[in-house]
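The structure appears below as structure tokens.
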Amino acid sequence: MSKEGHRELFEKFCRTKYFDHTTTSKTVSEEKAKKIIDVLNGIERSDVSNSFKFWVIKTKKFALLNYPELKLENVLCLPAKQRNDNDKTVFGHHRIVATAEKFYDILERVHSTKNGHVGYKKTLAEVQRMYEGLPREAAQYFCSTCHICQLKQQQNCTAPLKPIISSGFLTRQIDLIDMRHMPDDSYCYIAHYMDHWSKFHVLWPLINKSAIEVASGLVHKVFPYFGLPKILQSDNGREFVNEVIREILKSWPGEVTNNQW
Ligand SMILES: [Zn+2]
């Protein structure tokens, strides 16, 4: 599912639950936020009842606050419900009101961009450090339908790496770590080279998992510093078995064990 598909799905979920501006709804829509701001600014409106004013000022205690360090002025805030005094934020005892129309952008920023797809509890805790009014259920739905998290879960189920028992102090191992769920620009894999005896590890990023790229990394980043291993192993090395590696191994002084290496 694309990011736009995810937004559409999430907003469909929110529309039925939160895009509502009645006094009784727990969440605040953009339209309702405008009404609240008008009440706080003392602007008379024909659609504002006394009970609504009472709810804004006395029941909920909405406030318009300034946060000069964040260059924010007259932001609609509420007293924080989930506040831990050891966990002080620039918002002090208040939090910015999260309007229902902004739920997706807030969650996207906190869950995906800032925190690398953490679970919904951590996502929600992080949201609550800044915002008030974003329901737990919305954070849960956002995270459970996030396509990157789904991909990550599928990958975690496939047990990609198999440990290999070392058979001598000259044994080295090369494996690939699949990072497609969290690529860094065009880099989607990490090559992991390990010396079984000294436990020395060498890691480098890969754009794809082609044998040419892996072999080039070994030739340029590993062998010049550590020498050639007598035995090189891999996790049943399906990914590595191909003609380019064989070409490099033709000049190999040691023996090749475990699959076709
Ligand atoms: Zn995610």
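Only residues that are surrounded by 12 or more Cβ atoms within 10 Å (Cβ to Cβ) and in contact with a Ser or Thr (Cβ under 8 Å, 6 or more places away or on another chain) were counted in region 28-59, giving 7.
Among residues of region 169-221 being more than 26 Å from T113 (Cβ to Cβ) and of a type in the set (F, W, Y), the one that is nearest to the chain's Cα centre (by Cα) is Y193.
Do we find a residue being in contact with a Phe, Trp or Tyr (Cβ under 8 Å, 6 or more places away or on another chain) and within 12 Å of the ligand (Cβ to nearest atom) anywhere in region 71-86? No, because not a single residue in region 71-86 is in contact with a Phe, Trp or Tyr (Cβ under 8 Å, 6 or more places away or on another chain) and within 12 Å of the ligand (Cβ to nearest atom).
The helices (runs of 4 or more DSSP H) found entirely in region 1-114 that carry 3 or more residues being at pLDDT below 90 and assigned by TED's automatic domain parsing to the domain that holds A138 are 3-17. V118 falls short on exactly one of the conditions (1) within 16 Å of the ligand (Cβ to nearest atom); (2) among the aliphatic types (A, V, I, L, M); (3) more than 19 Å from the chain's Cα centre (by Cα), and that condition is (3). For G133, the conditions (1) within 16 Å of the ligand (Cβ to nearest atom); (2) at pLDDT 85 or above all hold with the exception of (1).
The values are calculated or read from the model by the stated rules, or taken from the named source; none is laboratory data. Since the model is a prediction, treat every value here as computed from it, not as a measurement. Backbone-built Cβ (ideal geometry, glycine too); neighbour counts: all protein chains shown.
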